[in-house]
1. Among residues other than LEU240 whose Cβ falls under 15 Å from its Cβ, what is the net charge (Lys/Arg +1, Asp/Glu -1)?
2. Quick one: pull the percentage of alpha-carbon pairs in the chain with a separation above 36 Å.
3. If you build the Cα gyration tensor of the stretch 26-145 and take the root of 5 times each eigenvalue, what three semi-axes come out, in whole angstrom, biggest first?
4. First select every other residue whose beta carbon is under 14 angstrom from the beta carbon of GLY426; then total the charges, Lys and Arg +1, Asp and Glu -1.
5. Could you tell me the distance between the Cα centroids of the stretch 147-193 and the stretch 419-455, to the nearest Å?
6. Roughly to the nearest percent, how much of the accessible area of the chain is carbon and sulfur, given a 1.4 Å probe?
7. Kindly provide log₁₀ I(q)/I(0) values, in the same order as q = 0.19, 0.24, 0.31 Å⁻¹, from the Debye equation applied to equal alpha-carbon scatterers of the stretch 27-69.
8. For the stretch 153-204, report the % of Cα-Cα distances exceeding 13 Å.
Amino acid sequence: MTRHLAGTATLLRLALRRDRVMMPVWVLATTALVVSMPRSLGSVYATAAERAATAASMNANSSMRSLYGPVLDDSLGGLTAWRAGVFAAVLAAIMSVTVVVRHTREEEESGRQELLSAAVVGRRAPLTAALLAALVANASIGLLITAGLAGQGASGALALGLAVAGAGMVFAAAAAVAAQLTESARAAKGLAAAVLGAAFVLRSAGDSAAARGDSPLVWVSPLGWVEHVRAFAGERWWVLGLFAASVAAQAGLGYALAGRRDVGMSFLATRPGPAEGRLGGTAALAWRLQRGGLLGWSAGFLVAGVVFGGMAEGAADLVGDNARTREIIQRMGGQGALTDAFLAAMAGMLGLVAALFIVSSVLRLSAEENGRRAEPLLAHPVGRLRWAGGHLAIAFGGSALILALGGLGLGLGHAGGAADTAGVLGACLAQLPAVWTIGAVAVLLYGAVPRLAPAAWAVAGTALALGWVGPALNLPQAALDLSPFAHLPKLPGAADPAWTPLVLLTALAAALATTGLTALRRRDLTT
């Protein structure tokens, strides 16, 4: 065993050094989502009576339960666990999948692992180092959540911190298995993401069917275990054993698979392509590479739109007489009627999430270049702009597609008639200039300073944070204006919307993208 783990400590230090920016950002963002909730919720629901009424109304609404789960306790700590617990677990899971796949399958795919294995590196050392790196990140999240919520109750804070960290490690172990089964990092991430998506759907369906989260579907999902820990609601410490058992079983399977394959090989072989190429050009190649992700995002936006639309009619009932909640919704969605403000807020939320899609799609160019797949292609009579244009067409056109589907789902879920559906669809498409601006920033970073291209995630994340929690925290308008989404008209429901910002943001996006492509033409590719 010592021989198989030789070099683990060195690989762990290397992994932590490579992730010295990404990992702290994920940890701090996930922690901030949780520890900011008591203050936000306390400003909205100042009295015990308001919190009790809110808990009752949320538990009576199946759509809200499917999104957040049931409210198990009406204290500030209990509402925090309800509002942020599952979503923090999802963020921890995404971070864990990224870390594990990056330091296992991605290293093998690039050829670096084969070079390292020629030195004094044990067979199981890379997988062990990757899991330990994920453990460091998840343990940091757990500790910071525990410390940040200790004022709400030490026992509940510890339970929630351990639950979020445990969920992250469950999906880290799932990624370890996916990395052994698949031949590429992209496929490994896709397989792990499918497992995470299935876990969310199972939990959502179970919580929608049962008011107290006792559906068998919730027990099947690791995200449902986060609820069943019952932080701040009479903690069930034994549920943490489910996380430990799942991690041990999946990690054991990952180690067993890793010991039975060669470096670079996989158990699920990639289907060989045809003897003669069938792709018509760079645009067809970009579509072939990104179609799976685009279809997944499209389906997700359509479903999310239907869910959010179904909640619109009940917005007034959910808010009740709480003036602070009404103020937050109207600040997010404009000063119109509450239903229109809610729909506008949901359209803005879809736009914020679409910014994550466009960044991931644009950065596919960086992945192709760093994976040494762009240079052989450009050695043929294919220009850089033509090559990049195929991917950017998917990024910018795909963002329009998913927002259109989100708007269609929002209108169908709201069931307000053809006119209302068209208005909601227009509200979602009005988010495009801001989404394109963030995508253009990613193009500029990739084209001009390729090493800083991942910083585009920070830009999108900042916009998401400002749009999501900024109104609840009552941030000053100057801070909210840092996001391009703050300058968009609040549709539907705006009496006299200003269209000038849409034109200016579109022009800004075009200028940034053009500058990035110009820089791409003039710089050397990664060597």
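1. Numbers: positive: ARG230, ARG236; negative: GLU227, GLU235.
Residues near LEU240 contribute 0 overall.
2. Values: 47289 of 138601 pairs.
Above the 36 Å cut-off, the chain has 34 percent of its Cα pairs.
3. 42, 14, 9
4. Numbers: positive: LYS490; negative: ASP340, ASP420.
With Lys, Arg at +1 and Asp, Glu at -1, the neighbours total -1.
5. 29
6. Numbers: 14810 of 22700 Å².
Carbon and sulfur: 65 percent of the exposed surface of the chain.
7. Values returned for q = 0.19, 0.24, 0.31 Å⁻¹ are -0.72, -0.91, -0.96.
8. Details: 838 of 1326 pairs.
Of the Cα pairs, 63 percent sit more than 13 Å apart.
The values are calculated or read from the model by the stated rules, or taken from the named source; none is laboratory data. Quick caveat, the model's predicted, so the values are computed rather than measured. Counting neighbours? That spans all protein chains shown, and the Cβs are built from the backbone with ideal geometry, glycine included. All accessible areas refer to the heavy atoms of the entire protein, side chains included, with ligands and DNA or RNA removed. Shrake-Rupley method; radii C 1.70, N 1.55, O 1.52, S 1.80 Å.
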